[in-house]
Structures are given as structure tokens and as C-alpha cells.
1. If I take R0 = 35 Å and measure r between the Cβ atoms of residue 133 and residue 202 in this structure, what FRET efficiency does the formula 1/(1 + (r/R0)^6) give, to the nearest 0.05?
2. Using the Cα gyration tensor of the stretch 1-81, with a ≥ b ≥ c the square roots of its eigenvalues, what is the shape: rounded (a/c below 1.5), prolate (a/b larger than b/c) or oblate (neither)?
3. Based on alpha-carbon positions alone, could you give the equivalent ellipsoid semi-axes of the stretch 136-265 from the gyration tensor, as √(5λ), descending, whole Å?
4. Taking a 32 Å limit on the Cα-Cα distance, which of the listed pairs 202/261; 153/229; 147/195; 57/255; 153/202; 122/284 fall beyond it?
5. How do 74-84, 19-29 rank on mean C-beta neighbours within 10 Å, highest first?
6. Could you work out the local net charge near residue 194, counting Lys and Arg as +1, Asp and Glu as -1, over the other residues with Cβ closer than 11 Å to its Cβ?
7. What is the stretch 3-138 by shape, rounded, prolate or oblate, if you read a ≥ b ≥ c off the alpha carbon gyration tensor as root eigenvalues and call it rounded for a/c under 1.5, prolate for a/b larger than b/c, and oblate otherwise?
8. For residue 148 and residue 242, what is the calculated FRET efficiency with R₀ set at 30 Å and r taken between the beta-carbons, to the nearest 0.05?
Amino acid sequence: MDARWDELLNRHPRTSVFHTSSWLAALQQTYDYEPIAFTTSRQGEPLRNGLVFCKVKSWITGRRLVSLPFSDHCALLADTSSEQEELLSHLCECTSRDGYTHAEIRPRNVGEPVPLATANLKIAERFCLHTLSLDAPLDVLFHNLHKDCIQRKIRRARKENLSYQSGRTEPLLRAFYQLLMRTRRRQLLPPQPLKWFRNLVKSMGENLTIRMVSNDHCPVAAMLTLSHKTTLTFKYGCSDERFQNLGGTPFLFWKAIQEAKDRGLRELDLGRSAIDHAGLIQFKDRLGAVKTMLPYWRGPSGKAADAVRPWWQIRMTKGIISWIPEPVLVASGRFLYRHIG
């Protein structure tokens with residue numbers, strides 16, 4: 001990316017970890033997605049605004065612009081309606097002119113005046129986004145946790161003396177990935193490629209943390225978080241269902257909250273949830289988080305943007321995922337995810 005991109009991110013208040021050059025680099029290194037940004041600023045002058053995409057080129061799902069692949073949200077970085085309208089107008093022109101099936105934008109819906117509906121775009125999918133303010137004292141944050149489903153399980157984890165470790169070493173990454181594969185198989189989904197996580201570790205550096213709890217050296221639960229400015233973002237979580245009663249997952253979230261507070265961070269972004277995933281939404285509610293709607297927009301209207309999101313590639317494998325050998329399961333993830341974006 002242009003060096004001016006990082007300068008804009010340092011200045012703009014609505015940036016997230018998904019805007020960063022580190023996240024874009026991991027996407028490009030893993031899936032060969034080329035990043036591109038639209039701006040009204042002239043070449044050579046500081047960027048006043050920006051709308052970043054990756055070019056997804058697939059013989060299965062077509063050529064698309066996505067802002068951004070595998071990212072929960074990615075705000076349009078423009079402060080005035082006129083700038084936003086100009087960026088979106090140029091986006092729609094380029095999408096049609098350059099032969100893309102559609103463009104997809106994933107703004108974090110926190111009230112910014114993004115005139116997406118007037119730019120020939122329409123809502124294609126809706127998710128829930130949970131965020132937890134960390135401004136309150138630690139004892140208040142603990143009090144706000146669900147007494148039975150979260151607080152009690154944290155105490156259970158302490159009673160069981162689960163061992164805790166955090167970092168980004170290769171052994172920890174491999175242990176995390178083994179748990180992730182177990183979880184994805186349980187969810188009847190292929191795992192993301194190990195290369196993706198290795199590239200994230202390499203690109204994000206100290207802004208990425210893997211947390212894990214174990215019982216007698218057996219991993220029970222793990223999570224991967226990313227940090228940017230004053231926000232800690234929960235991105236991936238996994239667990240061994242055989243040890244669910246030990247409270248490993250609630251304990252990990254509480255450790256993440258404690259460590260974020262120690263670092264002076266102000267928000268925990270718990271990520272998106274499918275609106276029909278009642279169990280996940282309820283769990284995040286019980287952490288005391290605030291839930292908002294997270295719409296994804298596509299356009300220009302009337303093109304392939306009206307089609308259903310191409311998740312059929314994964315759904316068609318669900319009947320066999322529960323029994324196929326691990327190497328085949330991993331290979332299916334390596335093949336599928338670059339086409340999904």
C-alpha cells in the first residue's frame with residue numbers, strides 16, 4: 001500500500017485493525033488478493049479519505065471488489081457526505097467499467113452518515129456486532145458478566161487450576177490450529193489454511209496474541225485476538241467440547257479483558273455473529289456487550305450483486321466433513337477460502 005495509507009490510519013478515528021497494512025499484507029500473501037484504495041485526494045498530497053478493497057478473482061465466484069475479505073467490518077474513511085458520495089460514485093463506475101460482478105462494502109454501523117442507499121447499493125446480508133466498553137473499573141466489568149453462565153464458569157476454571165499461556169510462538173500456533181480444526185469439523189466447516197494464521201502472526205507481530213488454557217497439558221480452549229489503537233478485536237476462537245464444563249472459554253475472555261485493561265485499551269470488539277446464530281449472540285450478550293446491526297452492502301444494483309452470497313461451496317461439503325480424513329479437510333479449506341473472500 002501507498003505510505004500515505006498508514007498516515008491516514010494514524011489520523012482517522014474510525015479505523016480498525018482490518019484497515020491496517022498488516023491485515024492487507026496477510027490477505028495478499030495468503031490468498032493473492034490485490035489491495036486497492038479509492039480516494040478523492042490527488043497523487044502526492046496527504047490522503048483526506050479512503051475506501052479500501054481487495055480484488056477477488058475467482059473462476060468459481062467471479063471477479064469482485066470486497067472491503068474487505070474475512071473482515072468483520074471496514075468503515076468508509078470519509079468525514080463528509082460529499083466525499084462519501086464521490087467515492088461511492090467512482091466505485092460503482094469502476095465496478096461496471098472494469099468487469100467486476102459487484103462490489104461489497106462492510107461498514108461498521110455506528111451512525112456515520114454513509115449514503116450507501118443513494119449510491120446504487122443495497123443491503124445484501126445482515127449480521128450482529130457486539131462491542132464491550134472497557135472504560136468501567138474491572139470489578140464493574142466482572143459484575144456485568146452473567147452471574148451463572150459466565151461468572152460461575154470463570155470461578156470453575158480457577159478451581160480446576162487450568163494452565164494459561166499467551167503469545168505467538170510456533171508451538172502455540174500449532175496447538176491453536178489443532179483446536180481450530182476440531183472446532184471447525186464440529187461446525188461442519190473446513191478450517192482456514194494454516195498459512196493464513198502464520199502470515200497473520202508474521203504481519204501483525206506484537207499486535208496479535210494467541211491465548212490458550214489447558215488441563216493436564218491438554219488444550220481446552222483458545223482464542224486469537226488482534227489489537228489496533230485502543231481496541232482489542234476477538235477474531236478466532238476454538239475449544240475441545242469434551243472439556244466444556246471446565247469453563248475454559250469464559251475464563252479466556254475474562255483474561256483478555258483483564259489484559260486489555262492493563263494495556264489501557266478502551267474497547268473489546270467481539271466480532272460479527274450471524275443473526276440466526278442464537279447461541280453465539282446470547283454468549284456475547286452475557287459478556288455485557290452492546291449489540292448493533294452490521295449490514296453488508298453490494299452493488300451496483302441489478303448486477304450479480306443481487307445473487308446469494310456464494311457459501312454453497314462450503315455447504316455442499318457438510319455431508320462429508322464429519323468423516324473425511326484430516327489432510328483432506330485441511331486441503332479443502334486451502335482450496336475453498338480463496339474463492340469465498
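Readers should treat all values here as calculations from the given coordinates under stated rules, not as data from a laboratory. Fair warning: this is a prediction, and the values are worked out from it, not measured in the lab. With ideal geometry, Cβ positions are generated from the backbone for all residues, glycine too; neighbour counts draw on all protein chains shown.
1. 0.65
2. Verdict is prolate for the stretch 1-81.
3. Each semi-axis is the square root of five times an eigenvalue, giving 23, 20, 12 Å.
4. Cα-Cα > 32 Å for 147/195; 57/255; 153/202; rest within.
5. So the peptides 74-84, 19-29, ranked by packing, come out 19-29, 74-84.
6. +3
7. rounded
8. Approximately 0.85, to the nearest 0.05.
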